[in-house]
Structures are given as structure tokens and as C-alpha cells.
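Novice: Once you've had a glance at the structure underneath, I'll fire off some questions.
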Amino acid sequence: MIDVIQGLDKTGKTWYNDSMRIDVLGVGFDSMTSKEAVSHACEILNGDKKAYIVTPNPEIVWMCRHDKRLLSVVNDAELVLPDGIGVILGARILGTPLREKIPGIDFADALFAEMAKTGKSVYLYGAKPGIAEEAARRLAEKYPGLKIVGVSDGYSDDGPVIEQINAVCPDLLLVCLGAPKQEFWIEENLDQLNVKLCAGLGGSLDVYAGAVKRAPVVFRKLGLEWFYRLIREPRRITRMCKLPLFVLTVILRRLRRVK
Ligand code: UDP
């Protein structure tokens, strides 16, 4: 038996009826192209329903296996996008391939480009002091038309942050506090936020600000972005140790199904 969660129709929109969620160790990923994901996000931005998006990598899937609350926050998201080759590989091994890898940062880039066309607004929350400001400066240059209506670092008291966000009512809120902090933050605060869409995007602001260099395209194409990050930040080794465990568990699950 293959675990496939079919047709989660949350928006009532017919195009989404064809979509399905693919189960990778308990996390249901949306099997769609990047274009479809952006188009769905735009529908949310143009609608009147509040929603959030998560972009789990194998490390987050692994966390979900040991944290039921995180699992339910992730699975309750409007879009669950596969960030990283590990998830793609896992789904393939399980016999239920996902259509496309959609790294959170690429998704955000494509979404900003669409938002810029209609003058939509975004608030950047997270990372060390000064990073979100620099990210905002660079994004404003890259996407003229995109309204960056506020920034807050991810280390100050979040009470005032919520007030600041609500004072400007952004269409999109990027929550970049790392996992699982950002997912829990979204779960706890979504109800009181005056936003259309929240997206948990890990270390993206560091990349936008130029504080962290993204892997060159050749690494990304070969599915070796994780390896590049490991070389640049060897302290990530303890986090990345979960990757082989993830793959092994996926293989064992597949073998159990085949028997
Ligand atoms: N971070 C934050 N507040 C915290 C903890 C972390 O704003 O209390 C930020 C951190 O500065 C970094 C991001 O969250 O910008 C996490 O980045 P990481 O590369 O670990 O996330 P990943 O992309 O791997 O999920």
C-alpha cells in the first residue's frame, strides 16, 4: 500500500482538486510545480482567507517524527513544499515521486516577482539584527514594485513585533526564525496577525542580505546544496547527521511495503 493523501481541497478552487499530497515519513507534501505553488500563493494573497506555507527539508521531516505538535502544524499548512533533494529522493524511493523540488528561497523569489507586478506588500521577520534591513534593501532593488513595509530581527521580544506587523498589515509575512521555532511561532500567532499569508523560510534572510552565500547553481542542479552548506558551515554536521537516518528509514519503509 502506498500512502498518498489525495485531493486536499482546502480552497474550493477547482484547479487544486487535481493536486495531491505525497506522504514522506508522515509529512504530506504537495506535489506541484513551482509555478503552481506561486499561483496558489497568489490566490491566497488575493483572497480573504488567512493561510501559511511551510518548506520542510529532511531534517524537519525527521523532527516531525519525534514531535507530534510540529507534525500537525506542518501538515495543517496550506502548502507543504519539498525543500531539498532529500525529500525528493525519499518520495522517489517510496514509489510516490514528487513533481518538483521547490526550495523555499526559490519559491519566495518567484512569489516576490509576481507580487511586484501588483504592488503587494511583504514584512520580513527574523535573523540577527541588521540582516532583515539589508535583505529589504537588496530585495527592493531586485523587485521594484514590491512593497517592503517592515522588518524585525528574530531575537527581540515578539509582542512588539506582532504590533508592528499589524500596524502595516502586510500581504505576506516571511517568518525566518529557523525550524521548528518559526512553525510554532506561526501556529501560535496566526490568529492575531493582520496578514494574508505567512511563510516559514529558515535562513533565507541571511541569503537575501548576502550574509550567507548560497551554493553555486551547479551544486544546486546536482542536488548537492546540502554538501556545499556543510563545507562552508562544518558545525551543521550534527544537524545533517539526520540525513542518512532519514534515507535509511525511507528505504526500510519501502522494503516493508514491497514484502
Ligand atoms: N533565528 C532567529 N531567531 C532565533 C533563532 C534563529 O531569527 O531565535 C534565525 C537565525 O538568525 C537564522 C535563521 O533563524 O537567520 C535560521 O537559519 P538556519 O540556516 O539555521 O535555517 P534553515 O534554513 O537551515 O532552516
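Quick note: the coordinates plus some simple rules give every number you see, no bench work behind them. Small disclaimer: the values here were computed from a predicted structure and weren't measured. Please note: Cβ atoms are built from the backbone with ideal geometry, for glycine as well, and neighbour counts cover all protein chains shown.
Novice: Please go through (1) under 22 Å from D171 (Cβ atoms); (2) free of Cβ contacts under 8 Å to residues at least 40 places away in the same chain for P129 and return the number of the only condition it doesn't satisfy.
Specialist: (1)
Novice: Considering only residues that are within 13 Å of the ligand (Cβ to nearest atom) and part of a helix (DSSP H, G or I), which ones fall in the range 108-137?
Specialist: Result: A108, I131, A132, E134, A135.
Novice: Sticking with this one: Could you give me the residue pairs with C-beta distances under 8 Å whose first residue belongs to the range 160-176 and is under 11 Å from A199 (Cβ atoms), whose second residue is assigned to a helix (DSSP H, G or I) and among the aromatic types (F, W, Y) wherever it lies, and which are 6+ apart or on separate chains?
Specialist: V175/W185
Novice: Is it the case that V38 is crowded, with 21+ Cβ neighbours inside 10 Å, closer than 29 Å to T238 by Cβ and of a type in the set (V, I, T)?
Specialist: It is false that V38 is crowded, with 21+ Cβ neighbours inside 10 Å, closer than 29 Å to T238 by Cβ and of a type in the set (V, I, T).
Novice: If you don't mind, another one. Name the residue that is nearest to I131 (Cα to Cα), counting only residues in the range 179-207 that are without any contact (Cβ under 8 Å) to a residue 40 or more places away in the chain and buried (at least 16 other Cβ atoms within 10 Å of the Cβ).
Specialist: Top of the filtered list is W185.
Novice: May I ask you to verify whether V161 is of a type in the set (A, V, I, L, M, F, W, C) and either within 20 Å of the chain's Cα centre (by Cα) or surrounded by fewer than 19 Cβ atoms within 10 Å (Cβ to Cβ) (or both)? Walk me through how you get there before you give the answer.
Specialist: Values: of a type in the set (A, V, I, L, M, F, W, C): yes; either within 20 Å of the chain's Cα centre (by Cα) or surrounded by fewer than 19 Cβ atoms within 10 Å (Cβ to Cβ) (or both): no.
It is false that V161 is of a type in the set (A, V, I, L, M, F, W, C) and either within 20 Å of the chain's Cα centre (by Cα) or surrounded by fewer than 19 Cβ atoms within 10 Å (Cβ to Cβ) (or both).
Novice: Identify the single condition in (1) surrounded by fewer than 16 Cβ atoms within 10 Å (Cβ to Cβ); (2) touching a Phe, Trp or Tyr at 6+ places or on another chain (Cβ under 8 Å); (3) closer than 30 Å to A136 by Cα that L245 does not satisfy, given that it satisfies every other one.
Specialist: For L245, the failing item is (3).
Novice: Something else about it: Any idea which of I93, I85 is away from the ligand (no atom under 16 Å from the Cβ), touching a Lys or Arg at 6+ places or on another chain (Cβ under 9 Å) and over 23 Å from D171 (Cβ atoms)?
Specialist: Result: I93 is the single residue among I93, I85 that is away from the ligand (no atom under 16 Å from the Cβ), touching a Lys or Arg at 6+ places or on another chain (Cβ under 9 Å) and over 23 Å from D171 (Cβ atoms).
Novice: For residues that are more than 24 Å from A135 (Cα to Cα) and in contact (Cβ under 8 Å) with a residue 12 or more places away in the chain, tally how many sit in the range 210-223.
Specialist: 1
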